[in-house]
Amino acid sequence: CFTVVYMIVSHVHHCHRKHIEICIHFIREKVALGHGVRVLHVPSSNQFVDIMTKDLPMQLFTKFSFSLCVCDSPALFASG
């Protein structure tokens, strides 16, 4: 999401959510002090957290679940 990257590098944008605002200020300070923090955009095709929060197309779901070492529960295959 470009909005988060923009909020970190821009002092103009104001976020109304307090927990995000605290994180933004913390990261912005680290960037300003040159602590080796780089803020990068991660394309949605690489947003692994989406497997927990969104209904994904089967191809992305399979890719993310494999990358996160998620597999079917053995209980699904047990007889009885």
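I'd like the Karplus ³J(HN,Hα) series for the stretch 35-47: coefficients 6.51, -1.76, 1.60, θ = phi - 60°, whole numbers in Hz, and an x wherever there's a Gly or Pro.
Running phi through 6.51 cos²θ - 1.76 cosθ + 1.60 with θ = phi - 60° gives 7, x, 8, 10, 9, 10, 7, 10, x, 4, 5, 10, 8 Hz.
Pull out the extension gain between LEU33 and LEU56, defined as 0.36 nm times the separation in residues minus the alpha carbon to alpha carbon distance; nm, one decimal.
So the chain would gain 4.4 nm between LEU33 and LEU56.
Taken together, the values in this text are just the output of simple stated rules run on the coordinates, not laboratory data. Quantities reported herein were computed from a predicted structural model and do not represent experimental measurements.
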